[in-house]
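Scroll down for the structure; my scribbles are underneath it.
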Amino acid sequence: MATEFAVKNIEDRTRILLDGRAQSIRHLVTARLKIAEIQSQLENAEREDARLYAAAQRTGWSPDELHELGIAAPAKSNRAGKRAAAKARFTAPGNPVPVSPDEN
């Protein structure tokens with residue numbers, strides 16, 4: 001009977017430790033998913049900015065005139081390459097990333 005108690009005690013303590021570790025991973029994955037979403041929103045906003053800047057030029061505004069108004073040309077971005085590389089590191093084949101922490 002004492003042996004069963006000792007085993008149960010160790011199992012309970014182990015479960016508590018593992019639950020804490022799993023929770024930290026859930027939080028980390030949630031943060032990474034949030035970063036990916038915000039990066040996607042930024043990329044969309046940058047594309048829209050470039051599109052509208054080009055539209056302003058098509059309506060007759062020169063780059064110099066836009067600059068005088070305080071509107072700089074859109075920055076050239078290579079984010080897509082960086083994002084794809086980061087995503088490849090984050091998602092390993094055969095290990096799908098949960099959409100929300102509740103899926104764990």
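Here, each number is a calculation from the coordinates, and none is a lab measurement. Being a predicted model, the structure only gives us computed values, none of them experimental. When we count neighbours, we look across all protein chains shown, and the Cβ atoms used for this are built from the backbone with ideal geometry, even at glycine.
Counting charges near Ala55 (Lys, Arg +1; Asp, Glu -1) among other residues having Cβ under 13 Å from its Cβ returns a value of +1.
For the stretch 2-86, taking the reciprocal of the average inverse distance between every pair of different Cα atoms yields a Kirkwood hydrodynamic radius of 17.6 Å. Label-to-label distance, His67 versus Ile10, with points set 7 angstrom from Cα along the beta-carbon direction: 7.3 nm.
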